[in-house]
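The values are calculated or read from the model by the stated rules, or taken from the named source; none is laboratory data. What you see is a predicted model; the values in this text were computed from it and never measured. In this analysis, Cβ positions are derived from the backbone assuming ideal geometry, glycine residues included, and neighbour counts consider all displayed protein chains.
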Amino acid sequence: MEHKDLDYLRSVADVQPKPLSRQERLDRWISLLERDPARRLNSLGEIEYKPPAERALVREDNSALTVAYDDPILRADGLASDRLGDAMRYFGLSDGQAHYALCSCLSGHTAESGAFARRLRNSTSDAAWQQAVGAWALAGLAVGLPALVYLLR
């Protein structure tokens, strides 16, 4: 079998790579962060206090977003920049997920790349969100049940 460079193949054929799924994008980003887990990266400064339009433009040099944007595969798949808004759209992150994974209020100005990877995995895992919802429901029951019993007496 003869191997050809992708650029050559693109010049002679319409080669379109299959777009990555949301989970594949997230897995790739997490694996990039885990390649050098002790690397110090900048977090994003208190993004929860910024208006949505300003929040979308937030970026930091040498951040977890920079790691994702430096990857040619993620860029070719559609990651437009290392700005928070572009990353949230591309990776399908909610405000809460982005805040938990990337904000300085949880890690200080810098944190290890491995810590960003763990928080990103935890914030985007379906099981983690189900556990959180379950914990809140249990807490609501623990608080509300005694009040309900008191009222029904």
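Here are the numbers:
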| item | result |
| --- | --- |
| Sole residue being touching a Pro at 6+ places or on another chain (Cβ under 9 Å), modelled with pLDDT under 95 and not hydrophobic (A, V, I, L, M, F, W, C), chosen from ASP95, ASP126 | ASP95 |
| Residue selected from the stretch 89-120 under the condition in contact with a strand residue (DSSP E or B) (Cβ under 7 Å, 6 or more places away or on another chain) and not charged (D, E, K, R), by the criterion surrounded by the most Cβ atoms within 10 Å (Cβ to Cβ) | LEU102 |
| Residue, nearest to PRO17 (Cα to Cα), within the stretch 67-88, restricted to residues that are buried (at least 16 other Cβ atoms within 10 Å of the Cβ) and among the hydrophobic types (A, V, I, L, M, F, W, C) | LEU74 |
| Selection count, the stretch 129-153, where residues are among the aromatic types (Phe, Trp, Tyr) and at pLDDT 70 or above | 1 |
| Unique residue being within 15 Å of the chain's Cα centre (by Cα) and aromatic (Phe, Trp, Tyr) when the list is TYR8, TYR100 | TYR100 |
| Residue list for the stretch 31-65, restricted to those being surrounded by fewer than 19 Cβ atoms within 10 Å (Cβ to Cβ) and within 16 Å of GLY114 (Cβ to Cβ) | SER31, LEU32, GLU34, ARG35, ASP36, PRO37, ALA38, ARG39, ARG40, ASN62 |
